[in-house]
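Note sheet for the following structure.
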Amino acid sequence: MAPADPILGVTETYVADQNPKKVNLGVGVYTDDNGKVPLLECVRRAEAERSKSGAPWSYLPIDGLAAYDQGVQRLLFGEQRKNVVTVQALGGTGGLKIGADFLRLLAPRATVWISDPSWENHRQLFEAAGFEVKSYPYYDARTHGVDFAGMRRTLEGLPAGDIVVLHACCHNPTGVDLSREQWSEVLAVVQARRLLPFVDLAYQGFADGIDADAYAARLFADAMSPVFLSSSFSKSVSLYGERVGAFSLVAGSEEEAKRALSQIKRIVRTNYSNPPSHGGQIVAAILNNAELRRLWESELAGMRDRIKAMRKALVDNIQKRVPGADFGFVLQQRGLFSYSGLSREQVLRLRSEYSIYAIESGRICVAALNSRNIDYVADAIAKVIR
Ligand SMILES: Cc1ncc(COP(=O)(O)O)c(C=O)c1O
């Protein structure tokens, strides 16, 4: 038997819990104030249009729908670029796997470096692609911030050609991101050491906005090649199960980009032949139609603002109950998650005494908080930290 997925295990226990007040803070999805995964209005309209057209569901090209790939590239880099290839992928995970398989051809002996901690699938995904995976220091539990000195020191010691996976924004699981100054320093080290950056942009629009959240991707793409990039619409368009994402490669020239695309298409062809059509068509419609695009941006801003409001409500409510409790760092974190600073014992007490399910590392999904459960959760946290 393979080991169970630790995060999905938490959800299974949550589902079996009979307590009507139970709250699942372990998941990695955005839910609205009613606790539901939203169906965005822009998606509903794009789907209705598509359905009305009566078009059949034929195969897509190996690299995906052209209108999708072009739209994604403009979203990521602000424009289409001749030296960049973008191919539709099965979510952000699929984008990472295409990139990992391609890197395995280019740099089979490289070591892959991921942040400590990181999204739990990074390690397994790159190991499954045949790489040795190690981690660089990232989170500093003492300051609730980035251990930037440790991160930089480790990157500075890496041999040329090693691969560095970087979370572009909304770091999963900590919620702690690099500042723009720190990004510049990371870029300088990556260039000086001739490392291969793999930027993972799974939450574009969830921190500060579409362009602001693409900052790191654009910084690297403007400065160097190759840059590997995976991106996802699972969260930003609430299309989780549709598996809509992309892999992009910033090459050194248009000619190099063409050759890279030919190799990437072989990887896709031998894995799943071509990507699924439905989600890609919906996103292509949203990205390429001015009205749907405006609607999406306002719905995305609504999700972003609600998460920020929940961060504030959590901090205020805990501080009201436990004066002097220092939870202010939660306001600096971005995206779905927060490393709450709760210990394993406190997380287990929340589970057994209050049916509130967080990850044992202390990670909570802030987007699972809403106006109905915020008091209950803040109250329970206040009791376990006292
Ligand atoms: C950092 C990171 N990368 C990639 C992914 C994968 O996203 P997708 O569901 O689109 O495959 C996630 C999803 O949680 C993530 O947190």
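The values are calculated or read from the model by the stated rules, or taken from the named source; none is laboratory data. Owing to the predicted nature of the structure, the values given are computational and were not obtained by experimental measurement. Cβ: placed from backbone, ideal geometry, glycine included. Neighbour counts: every protein chain shown. Ligands, DNA and RNA are stripped out before the accessible areas are found, and what is left, the full protein with its side chains, is counted by its heavy atoms. Shrake-Rupley method; radii C 1.70, N 1.55, O 1.52, S 1.80 Å.
Scanning the stretch 61-102 for residues that are closer than 16 Å to Val165 by Cα and either in contact with a Lys or Arg (Cβ under 7 Å, 6 or more places away or on another chain) or within 16 Å of the ligand (Cβ to nearest atom) (or both) returns Gly92, Thr93, Gly94, Gly95, Leu96, Lys97, Ile98, Gly99, Ala100, Asp101. Filtered by the rule that a residue be within 13 Å of the ligand (Cβ to nearest atom) and either open to solvent by 20 Å² or more (accessible area, probe 1.4 Å) or hydroxyl-bearing (Ser, Thr, Tyr) (or both), the stretch 221-240 gives Ser230, Ser231, Ser232, Ser234, Lys235, Ser236, Ser238, Tyr240.
Of all the residues that make up the stretch 6-48, how many are touching a helix residue (DSSP H, G or I) at 6+ places or on another chain (Cβ under 8 Å) and either assigned to a strand (DSSP E or B) or under 22 Å from Ser234 (Cβ atoms) (or both)? So the answer is 23. Is it the case that Asp140 is open to solvent by less than 50 Å² (accessible area, probe 1.4 Å), more than 16 Å from the chain's Cα centre (by Cα) and among the acidic types (Asp, Glu)? Against the criterion (open to solvent by less than 50 Å² (accessible area, probe 1.4 Å), more than 16 Å from the chain's Cα centre (by Cα) and among the acidic types (Asp, Glu)), Asp140 qualifies.
Inside the stretch 241-261, can you point out the residues that are assigned to a helix (DSSP H, G or I) and among the small types (Gly, Ala, Ser)?
Taking the stretch 241-261 as the starting set, the residues that turn out to be assigned to a helix (DSSP H, G or I) are 241-242, 254-261.
Across the stretch 241-261, the qualifying residues are Gly241, Ala257, Ala260.
Contact map, the stretch 114-126: residues that are under 17 Å from Ile98 (Cα atoms) and open to solvent by 70 Å² or more (accessible area, probe 1.4 Å) paired with residues that are within 11 Å of the ligand (Cβ to nearest atom) and among the β-branched types (Val, Ile, Thr), Cβ distance under 9 Å, separation 6+ or inter-chain. Pairs shown: Arg123/Ile114.
Checking Arg194, Arg218, Arg243 one by one, the residue that is touching a residue at least 24 places away in the same chain (Cβ under 8 Å), open to solvent by 30 Å² or more (accessible area, probe 1.4 Å), of a type in the set (D, E, K, R) and within 16 Å of the ligand (Cβ to nearest atom) is Arg243 and no other. Taken over the stretch 135-183, residues that are within 16 Å of the ligand (Cβ to nearest atom), polar (S, T, N, Q) and without any contact (Cβ under 8 Å) to a residue 40 or more places away in the chain amount to 1. A single member of Gly209, Gly205 is touching a Ser or Thr at 6+ places or on another chain (Cβ under 6 Å), more than 10 Å from the ligand (Cβ to nearest atom) and at pLDDT 95 or above, and it is Gly205. Just for the stretch 301-350: of the residues that are among the small types (Gly, Ala, Ser) and over 26 Å from the mean Cα position of the chain (by Cα), which one is surrounded by the most Cβ atoms within 10 Å (Cβ to Cβ)? Ranking the candidates gives Ala325 first. Scanning the stretch 351-379 for residues that are crowded, with 22+ Cβ neighbours inside 10 Å and more than 20 Å from the chain's Cα centre (by Cα) yields Ile356, Tyr357, Val377, Ala378.
Scan the stretch 262-296 for residues that are within 20 Å of Gly92 (Cβ to Cβ), open to solvent by 40 Å² or more (accessible area, probe 1.4 Å) and part of a helix (DSSP H, G or I) and jot them down. If the condition is that a residue be within 20 Å of Gly92 (Cβ to Cβ), open to solvent by 40 Å² or more (accessible area, probe 1.4 Å) and part of a helix (DSSP H, G or I), then Lys265, Asn271, His278, Gln281 are the ones that fit.
Go through the stretch 324-374 residue by residue and tally those that are basic (Lys, Arg) and either touching a Leu at 6+ places or on another chain (Cβ under 8 Å) or part of a loop (DSSP other than H, G, I, E, B) (or both).
2
Scanning the stretch 25-72 for residues that are surrounded by 18 or more Cβ atoms within 10 Å (Cβ to Cβ) and in contact with a Cys (Cβ under 8 Å, 6 or more places away or on another chain) yields Leu25, Gly26, Val27, Gly28.
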